[in-house]
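Worksheet for the structure shown next.
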Amino acid sequence: MLAFAACAAGCGGEEPDAAEPTEVSVPATAPDPNDRCAIDIPAERVVLTAEDGVRVAAATFGSGPRGLVLLPQRGSDLCGWADHLPTFVNAGMHVLAIDPRCTGYSDCPADDPGDDSSGRDYAADAGAAIAELHRLGAAKVVVMGASLGAATAFVAAGRYPDQVSGVIALSIFSTSFSASLSSVRTATDAAPHITAPILITLSTMDSSSIKEGAAESLIHAAKSRSTSSTVVLEGSAHGWHMLNDDKVSNAVTAFLTTNA
């Protein structure tokens, strides 16, 4: 069983504003992942190139054939997963966590609109991470995201269905948010294309997450509906903070054991 760390801060709340993109693009000069995230596990700094040429700062943790891509919440970078990275690595996962475009040490396209409300191709960043884990020898790759990252993970699973073996979406904050510049843009667009098992988690009092009915509709529209499920918590825990609840952590453990 994966034992997830308790959150140091509050475990709920609204999705924060997007982080401002850095003026100078420096993905190749990102610090050592362990120094950057204040952890001590096998890690390597990585620079990915998305299909539109955007350079994405990333890091791998652990090794092996069981791949896990981690996509952060809005306004956060890959170190937002730091409390949970040792648990995933100790469970045998080969983790690749990224700074989405215009966040942390990743590039921001010259024509970027300035915020994500007008559309950024976050799914292309996820696609680069999925491809990299396969290149490194992963036989299966699960994509997990929190909040905005959950919406991105869901869209990526629909955009790259043949490359994804499962998708875990912790608090999808919108079914209509455009996380892609392809024909598969939103979670609603993506659902009919998803062939991999889906796990969606949400809280009953979380105003920054879709509700249970919307989650069930997404799953019903997917080709993998029979192997997909939702986990609903009482309260307002949001995004990666949901991993601090045993009900969610146990569901994630079981999902990774089966699908990664």
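Read-outs throughout are calculated quantities, based only on the coordinates presented, and are distinct from any laboratory measurement. Keep in mind it's a predicted model, so treat the numbers as computed, not measured. Here the Cβ is made from the backbone with ideal geometry for all residues, glycine too, and neighbour counts use every protein chain on show.
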J(HN,Hα) series, region 202-208, from Karplus relation 6.51 cos²θ - 1.76 cosθ + 1.60, nearest Hz, glycine and proline x: 7, 10, 5, 9, 8, 6, 9
Residue with peak Gaussian network fluctuation, the chain [Cα springs, cutoff 10 Å], from L202, L181, L68: L181
Proximal lysines to K223, defined as alpha-carbon separation beneath 20 angstrom and excluding residues fewer than eight positions away on the same chain: K140
Around E44: net Lys/Arg minus Asp/Glu count, Cβ-Cβ under 13 Å: -1
For H94, residues with placed amide H under 5 Å, excluding near neighbours: R66, G67, L68
Protection-proxy order for peptides 191-198, 156-163, each taking the mean of Cβ atoms within 10 Å per residue, highest first: 156-163, 191-198
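Which percent, to the nearest 5, of DSSP beta bridges fully inside the chain are antiparallel?
Beta bridges within the chain, antiparallel portion: roughly 35 percent.
So what is the diffusion coefficient of region 84-154 in µm² per second by Stokes-Einstein at 4 °C and 1.567 mPa s, using a Kirkwood Rh over Cα pairs? Provide the component values of the computation, followed by the final result.
Details: Rh = 13.5 Å.
Rounded, D is 96 µm²/s.
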Candidates E234, E44, E132: whichever shows maximal mean-square fluctuation once the chain is modelled as a Gaussian network with Cα springs under 10 Å: E234
